[in-house]
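Encoded as C-alpha cells, the structure appears first; notes follow it.
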Amino acid sequence: MDIVLSRILRFLNGALVIDDMYRVGAFIVQHYNKMKCYSEEDICIEGAFKKEDVERFYHLLGFKEYQDFQNQLVADLELRNNEIQLRMIGLQLVDYFKDLKIKENEAQFLQKIDDIVYDIYKANRIVIVGSHFPSCLAVDFQTDMINLGKNVIEYHHCDQDFEFYEDDVVFFLTQTGRTMKRADRSLIDDYIKRAQIVIITQNPKITSYENIPAKHVLQVLGKYDGIQFNYQLMRIFDLLRIRYYFKYYIADDSVNYQRSALSE
C-alpha cells in the first residue's frame, strides 16, 4: 500500500530545487506525528506559508480538501505503526546477520548498532548522505523512523538555508569511499563538523570525512561488490530500526500517550 508519507518522501528525496512545494512537504514530514493537531491555518502560520501553497501541495497529492489529506495522514500513521508492531513479533536477530559479513562477532557488532541507536534517540534529526542507489535503500528506514517519531531527511546541497547542528546524526553510505571524496564542498560550508558522523562502508581505511573523525564506523567485509553492499546496507538499517523500536520507542511514555490519542 502506497502511503502518503512515501509519496512525499519520494518527492523530497528527488528534489532538484528547494521551492515552496519542497518546504511545505518538509514541514509535514518534520511534524508528521503531530499532524492530527495541525489545522491548515496552523501550517500556514508556523511554516510561514501562503494558503495557496499548502492547498497546491495536497491537491497535487490528489486531495481536494485539507481535512481529507489530514485524515489520510493520521490513518496512514496508525496503519504503518501497526505494521511495524506485527513485523516485530517473533523476529530473530540472528536472521538479520545472514547477509552481513563482519570482522567482529555478532555481539560486538550489535553493540555498535546499539551505540548508534542511542545517538539516534538523542538526536533531533538524522541526515542521509550517499549516492543515489544507497540513499534509495534507506527510504524504508526513513519511513519507519519518521513513523516512530524521528525526523530523517536526505541532504540536498542545493538547499541554501541548510545547516548541520550538534544534535544531528549524519549517515555516510559509501561502499568504497568515492562518495565521500565526491561529496559537495557545501557539506563543509554547512558546518558538518558540528554533527555526529556515522560511516557505513566496505573500505577499512575510511574513518573520517575531510579530517572530521566519524563517531561510529560500521565496516562490513566485501570485495567492493555493489550488489553485496546493497544487501548489507538493508540489513544494517533493519537492525537499527529494530533496536530503536525495542530499546526506545515502546518504552517511551510520550509514545504511549500518542497511541491513545490516535485511537480517540
Treating only the Cβ of Lys, Arg, Asp and Glu as charged (+1, +1, -1, -1), what charge dipole size does segment 93-256 show about its Cα centre? Round to the nearest 20 debye. 700
Can you list the lysines whose alpha carbon is less than 19 Å from that of K193, not counting same-chain residues fewer than 8 positions off? K122, K181, K215
Spin-label model distance (nm) - Q160 vs Q85, 7 Å beyond Cα toward Cβ: 4.7
To the nearest Å², the heavy-atom accessible area per residue of segment 93-256 with 1.4 Å probe amounts to 47
Sort all Cα-Cα distances of segment 34-179 into consecutive 5 angstrom bins from zero, then give the percent of pairs in each bin up to the one containing the longest distance. 2, 7, 11, 15, 20, 18, 12, 7, 5, 3, 1, 0
I'd like the antiparallel share, as a percent to the nearest 5, of DSSP beta bridges with both residues in segment 93-256. 15
Mean separation of Cα contacts under 8 Å, 6 or more apart, over the residue count of segment 4-86: relative contact order %: 32
Residue (of Q142, V220, L233) at the positive-pole extreme of the chain, dipole from beta-carbon charges: V220
To the nearest 20 Debye, how big is the dipole of segment 40-88 about its Cα centre, given +1 on the beta carbon of each Lys and Arg and -1 on that of each Asp and Glu? 240
Relative contact order of the chain, please, whole-number percent, based on alpha carbon pairs below 8 angstrom and at least 6 residues apart. 19
Amide H partners (placed H, <5 Å) of R125, local residues excluded: V169
All Cα pairs of segment 211-251, percent lying beyond 14 Å: 62
Output wanted: per-residue J couplings in Hz (rounded whole) for segment 138-148, from phi through Karplus 6.51 cos²θ - 1.76 cosθ + 1.60, θ = phi - 60°, x for Gly and Pro. 7, 5, 5, 4, 4, 4, 5, 5, 5, 4, 8
Given 37 °C and 0.692 mPa s, how large is the Stokes-Einstein diffusion coefficient of the chain in µm²/s, with Rh as the Kirkwood radius over Cα pairs? 169
Total charge dipole magnitude, segment 4-86, about the Cα centre, Cβ charges on Lys, Arg, Asp, Glu only, Debye to nearest 20: 240
C-alpha long axis of helix 226-244 to longest principal axis of the chain, angle in °: 60
³J(HN,Hα), Karplus 6.51/-1.76/1.60, whole Hz, each residue of segment 32-48, x for Gly, Pro: 3, 6, 10, 5, 4, 8, 9, 7, 4, 5, 4, 4, 4, 6, 5, x, 6
Expressed in µm² per second, the diffusion coefficient of segment 109-237 from the Stokes-Einstein equation, with Rh the Kirkwood radius over alpha carbon pairs, at 25 °C and 0.890 mPa s, is 166
For the chain, longest principal axis from Cα atoms; helix 106-122 axis from its Cα atoms; angle between them, nearest 10 degrees, is 30
What residues have an amide H closer than 5 Å to that of S208, excluding those fewer than 5 places away on the same chain, when H is modeled at 1.01 Å from N in the peptide plane? A214
Accessible surface, segment 1-91, averaged per residue in Å² (probe 1.4 Å): 55
Give the angle, between 0 and 90 degrees and rounded to the nearest 10, that separates the Cα long axis of helix 51-60 from the longest principal axis of the Cα atoms of the chain. 70
Let me cross-check E52: its accessible surface, 1.4 Å probe, with only protein heavy atoms counted, in Å² to the nearest 10? 110
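The values are calculated or read from the model by the stated rules, or taken from the named source; none is laboratory data. The model shown is predicted, which means the values in this text are computed figures rather than measured ones. Cβ atoms come from the backbone with ideal geometry, glycine included; neighbour counts cover every protein chain shown. These accessible areas exclude ligands, DNA and RNA; they are computed on the full protein's heavy atoms, side chains included. Shrake-Rupley method; radii C 1.70, N 1.55, O 1.52, S 1.80 Å.
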